[in-house]
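Worksheet for the structure shown next.
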Amino acid sequence: MPNSLNNQSSPYLQELSEQPVDWHPWGKAAFQLAKQIDKPVIVSIGYSSCHWCRQMSRENYEDSYVASIMNRHFVCIKVDREERPDLDLFYMEAARMFNQSAGWPLHAFCLPDGSPFWCGTYFPKEDNGQGIAPWPQVLMRIAEHFRKGRHELEENGKNALENLLHTNNSSLSDPREWKPDILIQAGENLCQSHDDEWGGFTPAPKFPSPMKIDFLFSLGEAQTVRQNTGFSMKLDSCIKHTLGAMANGGLFDHVNGGFFRYCLDREWKSPHFEKMLSDNALLVSTYSRSLRKYQNPRDKKIILKTLEWIEEEMGSPDKGYASSLSAETNEMEGAHYLWTESELYEALGKAQGKQLEELWGTFAKSPDPLFLPRLVDEDLLPVERQEEIFKELCKNRKKLTSPKRDEKRSCFQHALLARAYLDAGIALGDQIWIRKAKNLLIWMETSFSQPDGSVCALLYPDKQKSSWAFLEDYTLWAEAVLNFASVCEGLGLGGNEIWIEKAETLISQAVEQFKDPTLAGFYTSSNQMQDSGPVSKKPWYDHATPSGNSSIMRCFHLLGILGKNCKKWKQEYSEALGAYPKLAQQTPDGIGHALCAITEATVGTLRITAPELIIQEVTTSMKNKPYRPIFLKKSKEIKLLNNQSTIQTSAASAQAIIEKIWF
């Protein structure tokens with residue numbers, strides 16, 4: 001008999017609707033039930049492409065005995081983290097507060113009002129010798145503790161809520177405390193954390209760090225940095241090493257294209273095999289910056305192969321793109337990407353297959369050896385031959401069933417993709433991708449706009465739209481629109497006023513719905529949100545994607561120059577800046593997108609007005625010049641401005657303007 005998830009639009013929740021666990025969707029009804037029958041609540045948070053979410057589901061939730069324990073002692077709520085990132089943020093911070101590992105599946109044990117008193121992640125059904133308590137044992141211990149020591153759990157819940165409220169504003173400071181030197185210090189701190197042997201900015205597990213790298217790119221364009229040869233070279237070294245390690249190692253799918261979620265090891269050899277649209281869009285933008293600055297052919301290959309994967313595997317321009325691709329096939333993680341000996345021999349012949357086994361090494365055994373295709377040194381096998389092999393393997397793999405897609409269409413992920421198309425088009429000098437960016441922005445307008453002009457976060461496979469949106473849906477959409485507005489006139493794709501107006505509307509709505517009326521910062525969920533969490537959180541830190549507070553900073557700066565209400569947006573930028581002096585000094589690795597926005601505002605946004613032929617030539621030249629935020633406008637007269645300041649110039653040609661900008 002179906003549980004209460006059977007009428008949900010989320011594909012992930014629908015998949016769990018036939019389980020014996022009496023799952024409830026997040027909402028007032030579930031908590032009213034918990035209060036009525038006086039039982040603790042399990043809030044279980046996962047998502048479709050997560051292997052360990054599915055593994056725990058198979059082991060525990062589909063088992064009638066385990067389900068009976070859950071149903072007897074708890075009210076069980078299931079949440080799709082891609083549907084409710086606000087709840088994921090809240091309970092993930094709670095998990096860290098309880099000194100628990102943070103990841104998915106995430107399980108928050110709560111009082112009947114939703115206050116968390118303990119959290120955990122994956123639990124096996126039985127003791128597997130890994131030191132993780134079995135799920136049935138955890139359930140019984142907590143149920144007994146709730147009966148016999150409830151006051152202690154209530155104290156935990158109370159303290160958790162107070163601490164989670166406190167962290168919203170614990171790092172706020174005065175905007176006057178901000179000094180440009182803080183950016184240099186943040187860049188130095190990031191470089192010090194860089195793994196100079198293997199690349200990356202953290203110990204294992206290693207995640208791609210596009211926001212951090214984008215900040216280092218922006219910082220490298222500051223005049224004070226360019227004049228500091230040693231520091232400038234260090235920035236370039238960190239960027240090149242990390243981008244090279246991610247492109248050449250196991251994080252990148254050399255056969256099918258696209259990046260996996262992260263790597264488990266320091267050397268970038270062992271990926272976790274899920275693929276996210278958002279990760280790949282962000283990395284296309286970052287590699288596009290790299291191509292523009294360093295002109296490395298590898299970057300061009302990575303960009304094109306990732307975009308081709310998105311186009312072939314994730315959706316289409318007229319229907320949108322899926323949010324993620326599952327890590328597993330036939331209940332085995334990485335099955336679509338790993339090769340047995342016989343599969344290699346069949347695809348490439350025995351001699352070539354044997355050579356590759358020796359070059360790649362065994363990735364895992366299940367029980368026979370499995371091999372993950374990767375790039376090896378050119379001295380061992382020419383790169384051209386390796387690429388031919390990858391193409392042959394890709395052709396062979398297309399005969400198999402692809403990993404399952406989560407068919408939700410996400411507003412903020414499409415905004416990141418539109419930005420990626422634009423960045424790639426400029427770096428490649430290819431208008432096809434730029435036109436795709438424009439068409440996608442137009443598609444978003446019809447797909448993610450509500451009749452009242454507000455935004456919806458999700459478009460479901462059943463064509464239903466979510467009745468809510470989050471801060472990032474507004475701000476990242478506005479960022480994408482402003483990025484397109486910056487170059488559309490230089491590319492002959494119409495005037496930019498309508499796009500700037502669209503961005504200003506989005507940010508006006510964001511301020512109205514998400515702004516804290518008393519202190520700096522914006523909440524992730526709207527003040528009009530129904531069924532919000534126990535505490536509304538302010539997203540200061542980037543995670544896999546840019547935080548809403550960092551994104552809105554960039555929009556405030558640009559609209560302070562370009563918007564109709566410039567004075568208001570400048571004031572908003574100044575107020576928002578007050579959140580960052582302490583954060584930049586204490587945790588620069590967590591706020592890369594904000595640091596990038598502040599750096600761009602400090603170095604300056606260039607505005608160029610000139611006759612059409614001149615701005616077209618300037619736009620074309622950008623493909624082999626380092627990224628800087630530049631807005632191009634058709635005009636009879638030539639005029640250059642940096643932020644609001646006029647740049648004195650006698651430039652009368654495109655070449656003279658180019659030399660003035662990238663001197």
| note | Plugging the Cβ-Cβ distance of residue 501 and residue 345 into 1/(1 + (r/R0)^6) at R0 = 51 Å yields, to the nearest 0.05, a FRET efficiency of 0.25
| note | Rounded to two decimals, the Debye log10 I(q)/I(0) of the stretch 508-653 (Cα scatterers, no solvent) at q = 0.17 Å⁻¹ is -1.00
| note | At the level of C-alpha centres, the distance separating the stretch 293-314 and the stretch 423-477, in angstrom, is 21 Å
| remark: Phi-derived 3J(HN,Hα) across the stretch 11-19 with the Karplus relation (6.51, -1.76, 1.60, θ = phi - 60°), rounded Hz, x for Gly and Pro, is x, 5, 5, 4, 4, 9, 6, 9, 6
| Per-pair calculated FRET efficiency, R0 = 51 Å: residue 659 and residue 582 via Cβ, rounded to 0.05 | 0.80
| message | Suppose R0 equals 56 Å. What FRET efficiency, 1/(1 + (r/R0)^6) with r the Cβ-Cβ distance, do residue 512 and residue 379 give to the nearest 0.05? | response | 0.40
| If the limit is 23 Å between Cα atoms, which of 305/404; 39/158; 564/660; 438/568 go over it? | 564/660; 438/568
| query | Measuring from label point to label point, each 7 Å out along Cα→Cβ, what is the residue 567 to residue 64 span in nm? | reply | 7.3 nm
| query | When you count, for each residue, the other Cβ atoms within 10 Å and take the mean per peptide, how do 84-93, 506-515 rank with the highest first? | reply | 84-93, 506-515
| If you roll a 1.4 Å probe over the stretch 323-434 with all protein chains in place, what percent of the accessible area is carbon or sulfur? | 48 percent
| note | Taking 405-416, 24-35 and ranking on average Cβ neighbours within 10 Å, highest first, one gets 405-416, 24-35
| Extension reserve of the residue 159-residue 189 stretch, reckoned as 0.36 nm per residue once the Cα distance is removed | 7.5 nm
| field | DSSP beta bridge pairing in the chain, given as percent antiparallel to the nearest 5 | value | 75 percent
| remark: Toy charge model, Lys and Arg Cβ at +1, Asp and Glu Cβ at -1: the chain dipole around Cα centroid in debye, rounded to 20, equals 1400 debye
| remark: Bounding extents of the stretch 574-615 in its principal axis frame from Cα atoms, largest first in Å, are 47, 21, 12
| In debye, nearest 20: dipole of the stretch 476-519 around its Cα centre with unit charges on the Cβ of K, R (+) and D, E (-)? | 80 debye
| task | Please give the per residue volume of the convex hull enclosing the alpha carbon atoms of the stretch 1-121, rounded to a whole number of Å³. | result | 95 Å³
| task | Count charges around residue 119 for me, please; just the other residues with Cβ under 13 Å from its Cβ, Lys/Arg as +1, Asp/Glu as -1. | result | -1
| said: Please report the projected area of the stretch 116-183's Cα convex hull averaged over all directions, in nm². | reply: 7.9 nm²
| remark: Of the candidate values (i) 51.9; (ii) 40.6; (iii) 29.7, the one computed for mean projected area of the Cα convex hull in nm² from this structure is (iii)
| message | Helix-only estimate, please: 222 nm mean residue ellipticity of the chain, summing -39500 (n - 2.57) across DSSP H runs of length 4 or more and dividing by its residues, to the nearest 500. | response | -15000 deg cm²/dmol
| remark: Rounded to one decimal in nm, the spacing of the 7 Å Cα→Cβ label points at residue 144 and residue 575 is 5.3 nm
| field | Assigned charges on the beta-carbon of Lys, Arg, Asp, Glu; the stretch 450-597 dipole about Cα centre (debye) | value | 260 debye
| query | Taking residue 350 as the anchor, which lysines have their alpha carbon closer than 26 Å to its alpha carbon, excluding any fewer than eight residues away along the same chain? | reply | 269, 365, 391, 395, 398, 399
| task | Would you mind pulling out the separation of the Cα centroids of the stretch 618-637 and the stretch 354-399, in Å? | result | 42 Å
| query | Residues of the chain: accessible area per residue at 1.4 Å, in Å²? | reply | 40 Å²
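The values are calculated or read from the model by the stated rules, or taken from the named source; none is laboratory data. Owing to the predicted nature of the structure, the values given are computational and were not obtained by experimental measurement. When we count neighbours, we look across all protein chains shown, and the Cβ atoms used for this are built from the backbone with ideal geometry, even at glycine. To get the accessible areas, we keep the full protein, side chains included, count just its heavy atoms, and leave off ligands, DNA and RNA. Shrake-Rupley method; radii C 1.70, N 1.55, O 1.52, S 1.80 Å.
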